[in-house]
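Asker: Below is one structure. I have some questions about it.
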Protein chains: 2
Amino acid sequence: MRADAQRNRIRILVAAEEVFTETGPGASTEEVARRAGVAIGTVFRHFPTKGDLLGAIMKRLLAELIESAGQRGGGEGLFEFFTELTAQASYKRTVVGLLESGGTAVRLPEAVGHLTEAVGGLLSEAQAAGTVSPGVALPEVMALLVSVTHGAVHGGWDAELRERTLAVVFAGLRPH
Amino acid sequence: MRADAQRNRIRILVAAEEVFTETGPGASTEEVARRAGVAIGTVFRHFPTKGDLLGAIMKRLLAELIESAGQRGGGEGLFEFFTELTAQASYKRTVVGLLESGGTAVRLPEAVGHLTEAVGGLLSEAQAAGTVSPGVALPEVMALLVSVTHGAVHGGWDAELRERTLAVVFAGLRPH
DNA sequence: TTCCAAAATGAGTCTCCACTCATTATTCTC
DNA sequence: GAGAATAATGAGTGGAGACTCATTTTGGAA
């Protein structure tokens, strides 16, 4: 790949992550191009469709999440991850949009699958440690993760509301 | 108002409720007109903007919800209402969209306020009956209501997932 | 029945956005 | 440095959807 092409590809990815992270997946490609200091044609040369562009940055964001989940563990790992995701969501609208669609929108079902697996690992560990009720299964944990994260993003919850809402969810997950 | 105008206004409202309920607020005005058997200009004569149309049907749907909340009570009223809303959400995408925006999208903040009040009443009753922990406050209940309802709609949860997810939330609300 | 104000019609405008492509510019190879 | 290949440019296309308005139709008062 030519040097300028390589440079621009990176600029576009950086700009796209910024823009989609701020505005959500609805942001226009034009805005990404402007932010990258590049003509719109250049964006489409590197990423033939908007979905491809979204997919590229999603892959990165998801990988980060999966790694974060993988590094946690023990009785509190699941709770920590949940809290982290909710807090980040307020400035990472894109991830949420992706998770909601199950990855089909940008054809990343396998990446979403990996995240589900990672969360499943955290759940098992927490249940083994006795911090999460054995009656709880992965689907509802993912459902809550996505719902609450989306709620936090869309509703613009402040730190206190986030904490209070998570407190209820966590109390529901713990054995009683 | 002339007889045909009155007839058409009703047709439009019925069609709009159907269309927005199925497809969500993103549905086109054109589709509403088609479903109502009316030209698009007629829709705009009755409701100058799409927001006005949305607002009109939202008002009806919200009123239904508020009434449903008002008819419930006792220790389980809040749980019942929560369950009802989540179940209905799967075919009432619109309400969810409205609730998320706090009513600002269609300028119905007072209606949303009334719903919040009604839920507040249910919460107080439940806490008085000892079925909800006294540490729980209205904001996080509304936050959970909106999040889980949205999740159910957007994620297309089946009855079982809905039940399992609500079980976790309810366990979190009950005293422990 | 007549007549006109109210209402309905739907092709047309406007705006936004994803995506294209002929032209111009930049890199790289020899 | 010349030439070819690769990339960048940005005006242009097409489609979707909200909204308009000149024209036609309809309801109902006199």
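The values are calculated or read from the model by the stated rules, or taken from the named source; none is laboratory data. Here the structure is a predicted model, which is why all the values come from computation and not from measurement. Because the Cβ atoms are built from the backbone with ideal geometry, glycine has one as well, and the counts that use them run over all protein chains shown.
Asker: Would you pick out the residues in region A:29-42 that are under 15 Å from residue A:18 (Cα atoms) and in a helix (DSSP H, G or I)?
Answerer: A:29, A:30, A:31, A:32, A:33, A:34, A:35, A:36
Asker: Among the residues of region B:12-46, how many are modelled with pLDDT under 95 and either within 8 Å of DNA strand D (Cβ to nearest atom) or of a type in the set (Ser, Thr, Tyr) (or both)?
Answerer: Adding up the residues that qualify gives 4.
Asker: On to the next question. Against the conditions (1) buried (at least 20 other Cβ atoms within 10 Å of the Cβ); (2) without any contact (Cβ under 8 Å) to a residue 12 or more places away in the chain, where does residue A:167 fall short? Just the number, please.
Answerer: Every condition holds for residue A:167 apart from (1).
Asker: Here's another thing I want to ask about it. Consider residue A:86 carefully, then state whether it is of a type outside the set (Asp, Glu) and surrounded by fewer than 20 Cβ atoms within 10 Å (Cβ to Cβ). Before the answer, list the steps.
Answerer: Values: of a type outside the set (Asp, Glu): yes; surrounded by fewer than 20 Cβ atoms within 10 Å (Cβ to Cβ): no.
No, not satisfied.
Asker: Going by what's in this entry, would residue B:131 be described as free of Cβ contacts under 8 Å to residues at least 40 places away in the same chain and more than 9 Å from chain A (Cβ to nearest Cβ)? Even if it seems obvious, please write down each step before you answer.
Answerer: Working: free of Cβ contacts under 8 Å to residues at least 40 places away in the same chain: no; more than 9 Å from chain A (Cβ to nearest Cβ): yes.
Spelling it out, it is not the case that residue B:131 is free of Cβ contacts under 8 Å to residues at least 40 places away in the same chain and more than 9 Å from chain A (Cβ to nearest Cβ).
Asker: Return the residue satisfying two criteria in turn: it lies in region B:43-98 and is in a loop (DSSP other than H, G, I, E, B) and more than 19 Å from residue B:158 (Cα to Cα), and of such residues it is nearest to DNA strand C (Cβ to nearest atom).
Answerer: Only one residue fits best here, namely B:47.
Asker: Same structure, new question: Take residues that are over 18 Å from residue B:154 (Cβ atoms) and tell me which of the helices (runs of 4 or more DSSP H) falling wholly in region A:109-176 contain 2 or more.
Answerer: Result: A:109-129, A:159-173.
Asker: Is it the case that region B:47-57 has a residue that's within 11 Å of DNA strand D (Cβ to nearest atom), surrounded by fewer than 14 Cβ atoms within 10 Å (Cβ to Cβ) and basic (Lys, Arg)?
Answerer: no
Asker: Return a yes/no flag: does region B:3-11 have any residue that is at pLDDT 95 or above, acidic (Asp, Glu) and not in a helix (DSSP H, G or I).
Answerer: No - not one qualifying residue is present in region B:3-11.
Asker: Residue check: is residue B:74 under 17 Å from residue B:141 (Cα atoms), surrounded by fewer than 17 Cβ atoms within 10 Å (Cβ to Cβ) and over 16 Å from the mean Cα position of the chain (by Cα)?
Answerer: Yes.
Asker: Which number in (1) more than 8 Å from chain A (Cβ to nearest Cβ); (2) under 17 Å from residue B:74 (Cα atoms); (3) surrounded by 21 or more Cβ atoms within 10 Å (Cβ to Cβ) marks the one condition that residue B:142 misses?
Answerer: (2)
Asker: Take region A:1-13 and flag every residue that is exposed (fewer than 14 other Cβ atoms within 10 Å of the Cβ) and under 21 Å from the mean Cα position of the chain (by Cα).
Answerer: Of everything in region A:1-13, just one residue is exposed (fewer than 14 other Cβ atoms within 10 Å of the Cβ) and under 21 Å from the mean Cα position of the chain (by Cα), namely A:10.
Asker: Further question: Could you count how many residues in region B:24-38 are over 12 Å from residue B:13 (Cα atoms) and surrounded by 13 or more Cβ atoms within 10 Å (Cβ to Cβ)?
Answerer: Result for region B:24-38: 5.
Asker: Continuing with this model, one more query. Taking region A:1-42 on its own, how many of its residues are touching a helix residue (DSSP H, G or I) at 6+ places or on another chain (Cβ under 6 Å), more than 8 Å from DNA strand C (Cβ to nearest atom) and of a type in the set (Gly, Ala, Ser)?
Answerer: The total comes to 5.
Asker: Inside region A:153-176, can you point out the residues that are more than 8 Å from chain B (Cβ to nearest Cβ) and of a type outside the set (Asp, Glu)?
Answerer: A:153, A:156, A:159, A:162, A:166, A:175
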